[in-house]
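Okay, structure first, notes after.
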Amino acid sequence: MERESQPAAGNAPEWSVSDLSGALKRTIEDNFGFVRVRGEISGYRGPVASGHVYFSLKDTNAKIDAVIWKGVFGRLKTRPQEGLEVIATGKITTFAGKSSYQIVIDSLEPAGVGALMALLEERRKRLAAEGLFAEERKQLIPYLPSVIGVVTSPTGAVIRDILHRLEDRFPRRVLVWPVRVQGETSAAEVANAITGFNALPPGGKIPRPDVIIVARGGGSLEDLMSFNEEIVVRAAAASDIPLVSAVGHETDTTLIDFAADLRAPTPTGAAEKVVPVRAELMGFVADLARRHAGAMLRLSDRRRNDLRALARALPGPEAVLSGPRQRLDLAAARLAPALARNARAHELALQGLSRRLEARSPRVALARLKAELAGFARVLAAARGNAIAAERTRIAHARERLATLEARARNAFGQSLVQRRDRATALSQRAERAFGQGVNRRVDRVGSLWALVRSLGPEAVLARGYALIRDEAGALVRSIGEAQPGRALSVQLADGRFDVTVAGGEPGTSRPAPRSAARKGSGSTTQGDLF
Amino acid sequence: MSEENVNADVAALPFEAALKELEGIVARLERGDVPLEESIAIYTRGEALKARCDALLKQAEARIERITLGADGKPTGTTPLDVDN
């Protein structure tokens, strides 16, 4: 094995992998430095974080990786999208590290009319969904604009056609905003022109158009692409100035036609849409002026005729006045009776009213009230009489009862008096008897007591030989102290008295009375003599 | 003199409006049912409207200009444009 393979190896030079890869890279990049390749976009990955775009291009049998660098992607007119068939222009590069190759795309265009149409249809639907083509956005084209703005190429058949047709119909002031109608910058220029016309202030140095025509001659679908671009469509939709689109031939439809307020089939058609035919209008106005004058004339003629006819029909003053005069006479004749009748009628009415008034007068009311009052008074008097009678009867009754009671009382009192008198008499007799007995008893007692008194009295004592000694004042002398010598005293005996003068004395020692014991030492009395 | 005041607005009317009003006035006058005073008033207005239409139709000058653009794409002015050259 080794030997067999040895000679084969000996003939072929030996490559390093890097050398081989480098050689392949050079070969490929030299030979495929500029290629146009047609294929369908597959596995599309939008701008990734780095801004680059990756996808594959494929057909039925093969597939190649593709990349669009960020800077290129921003300039692309055709946005790559999944499934779109495109013609890509670029170069093939290889990746030494992976032994793979890819196409680096510089530009991209839709492949074939079908693909382009599909792209436009998708765009139309998207913008329609936004409402850019809505009928209610459409503005009316002015009938006779004074300034017409035209967005188109300043040279060529299109502007010439427009101006010639305007000249034929109604020469107007035209402002041409020059733009390129195809190529890279075309769409931006057209959009800028539409926006620029709208930005012109009314009454400024450059007059603001009353209507805008956006026009381009016929061409291939690719030639008309600028007028399909989104910025152009949006600018047309946003235009405040009514906008007429006239792009391509009658059969060509571009997206600006949907956004325009009016679509003209051709540039010439646009000129016809924006101005009327002056000669026709002049004829029309002249005709109107004739009719105007004629109508006025006929009107005044008719009025004059009517007036004349009426004037003829007008009756003379006598005829006019006779009727009213007759009515006046009639009325005058009926005036006085009517007046009297009227007065009578009023009088009757007045009488009726006064009767009614009388019936309602305060006097009547007063009388009625008086009658009522009298009735009440009668009732009251009757009631009073009744009441008095009743009261009298009651008093009589009471009086009778009183008399009865009095009689009874008197009876009762009389009996009681008699009884009392009897009792009194009895008692008095008893009292007299009792008193007599009492008196007798007391007399007896007094007699006996008196005998006792007499037996106990001073007289009895005196009679027994005792004497009473009195001083000059009559007071009893009880102690020797009182009988100082020289004192004049009186001595009473039972049968008389005599006066003495105290000669001397000495106090007694036997049985002096306790009362006079204190006085015993003070003097001598005549009593001592007595003992 | 008040007539002129009443019809002063006519001078500012656009062509189409003036024409339409004139048509209306003519139609009314032709019907003949306008009171006298009013018929005179609207007739006068009709005259003014007709004059306005005539004036607008006479302003038929063809002035063709081309917008001149600055570097920023903004209009700077106009120059006459002769396309037939």
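The values are calculated or read from the model by the stated rules, or taken from the named source; none is laboratory data. What you see is a predicted model, and the numbers here were worked out from it, not measured in a lab. Cβ sites come from the backbone with ideal geometry, for glycine too, and all protein chains shown count toward neighbours. Heavy atoms of the whole protein, side chains included, go into the accessibility calculation; ligands, DNA and RNA do not. Shrake-Rupley method; radii C 1.70, N 1.55, O 1.52, S 1.80 Å.
A few notes on this one:
- Placed amide H near residue A:176: partners under 5 Å, 5+ positions off or other chain: A:150, B:65, B:66, B:67
- For region A:398-487, with all protein chains in place and a probe radius of 1.4 Å, 57% of the accessible heavy-atom surface sits on carbon or sulfur.
- Pairwise centroid distance, computed over Cα atoms, of region A:32-62 with region A:235-312, Å: 57 Å
- Neighbours of residue A:378 by Cβ distance under 13 Å: Lys/Arg scored +1, Asp/Glu scored -1, total +1.
- The ratio of the alpha-carbon radius of gyration of chain A to the globular-protein estimate 2.2 N^0.38 Å is 3.69.
- Set of lysines near residue B:58 by C-alpha distance (under 16 Å), chain-local residues within fewer than 8 positions excluded: B:50
- Relative to the longest principal axis of the Cα atoms of chain A, the long axis of helix A:112-129 lies at roughly 20 degrees.
- For region B:30-75 and region A:144-174, distance of Cα centres in Å: 21 Å
- In order along region A:371-388, the Karplus-derived 3J(HN,Hα) couplings, from 6.51 cos²θ - 1.76 cosθ + 1.60 at θ = phi - 60°, round to 4, 4, 5, 4, x, 4, 4, 4, 4, 5, 4, 4, 4, 5, x, 4, 4, 5 Hz, and Gly and Pro are given as x.
- Under-5 Å amide H pairs with residue A:39, H placed in peptide plane, nonlocal only: A:86, A:88
- Distance-filtered residues of region A:328-345 - backbone nitrogen under 13 Å, label point 7 angstrom along residue A:353 Cα→Cβ: A:345
- Multiplying the residue separation of residue A:444 and residue A:45 by 0.36 nm and subtracting their alpha-carbon distance yields 125.4 nm.
- In degrees, nearest ten, helix A:278-313 long axis to first principal axis of chain A (Cα): 60 degrees
- A helix-only calculation puts chain A at -18500 deg cm²/dmol for mean residue ellipticity at 222 nm, using -39500 (n - 2.57) for each DSSP H run of at least four residues, averaged over all residues.
- Lysine pairs meeting the criterion (Cα under 26 Å, 8 or more apart or interchain), as found in chain A: 18
- Shown in residue order for region A:154-168 are the 3J(HN,Hα) couplings computed by the Karplus curve 6.51 cos²θ - 1.76 cosθ + 1.60 at θ = phi - 60°: x, 10, x, 5, 4, 5, 4, 4, 4, 5, 4, 6, 4, 4, 5 Hz (x for Gly and Pro).
- A versus B: buried accessible surface, summed, Å² (probe 1.4 Å, to nearest 100): 3600 Å²
- The residues of the protein assembly as shown expose on average 65 square angstrom of accessible surface per residue, using a 1.4 Å probe on protein heavy atoms.
- Förster radius 41 Å - calculated FRET efficiency between residue A:134 and residue B:33 (Cβ-Cβ, nearest 0.05): 0.40
- Computed from Cα atoms, the angle from the helix B:15-31 axis to the main principal axis of chain B rounds to 20 degrees.
- Here the peptides A:194-207, A:409-422 are ranked by packing, the mean other Cβ count within 10 Å, and the order with the highest first is A:194-207, A:409-422.
- 3J(HN,Hα) from dihedral phi, region A:25-39, Karplus parametrisation 6.51/-1.76/1.60, rounded to Hz, x for glycine, proline: 4, 4, 4, 5, 5, 6, 7, 10, x, 8, 10, 10, 10, 10, x
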